[in-house]
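Enquirer: Once you've had a glance at the structure underneath, I'll fire off some questions.
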Amino acid sequence: TRPTAAAGSHFPSLASLFVDGAVLQNKGSTARDHLANERTYLAWMRTSLALIGASLGLLKWDAAENSVGYIVAVLGVVCLISSTERYFSNMHRLEHGEFVPNVRGILVVVVVVVTAIISAFVLHFKHDL
């Protein structure tokens, strides 16, 4: 039999989810919320893989510094790890009727992107002078 997680009960372990799967009671928006969580995770997974692929391209390209390729690869791995943690955290919280907005994660992404844009402009105009 497959483990069932009732509302308010203890969610099955990760091992039992992997081996047996799980059947969740679909009360209210349970299925919709879990599917939205999964879609968000898969979008972050695609972003992580794109960053890792871009890092490989940067490492093969002679004009780019190797450090840039390695930094992009590390960002891809960090993105993959943090999105996996967020997915399982959200899954657990949704089963308990909770939701915590990802304010810290959004701020980190904004700071990293702004820093990357400023660094790219500085490097570009530094070479033009």
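The values are calculated or read from the model by the stated rules, or taken from the named source; none is laboratory data. Bear in mind that the values here come from a model prediction, so they are computed numbers and not experimental data. Heads up, the Cβs are rebuilt from the backbone with ideal geometry, glycines too, and the neighbour counts pull from every protein chain shown. Note: accessible area is taken over every heavy atom of the protein model, side chains too, but ligands, DNA and RNA are not part of it. Shrake-Rupley method; radii C 1.70, N 1.55, O 1.52, S 1.80 Å.
Enquirer: Give me the 1.4 Å probe accessible area per residue for the range 38-121, excluding ligands and nucleic acids, in Å².
Expert: 71
Enquirer: Where nothing but the Cβ of Lys and Arg (+1) and of Asp and Glu (-1) is charged, how large is the charge dipole of the range 44-129 around its Cα centre, in debye to the nearest 20?
Expert: That gives the range 44-129 a dipole magnitude of about 80 debye.
Enquirer: Using the Karplus curve 6.51 cos²θ - 1.76 cosθ + 1.60 with θ = phi - 60°, work out ³J(HN,Hα) for each residue of the range 93-103 in order, rounded to whole Hz, and write x for Gly and Pro.
Expert: Going residue by residue, I get 5, 4, 5, 9, x, 10, 8, 10, x, 8, 5 Hz, with x marking Gly and Pro.
Enquirer: Express the relative contact order of the range 46-124 as a whole percentage, based on alpha carbon pairs under 8 Å and six or more residues apart in sequence.
Expert: 23
Enquirer: Sticking with this structure for a sec: Would you kindly find the accessible area of ARG86, with a 1.4 Å probe and non-protein molecules such as ligands, DNA and RNA excluded, rounding to the nearest 10 Å²?
Expert: 50
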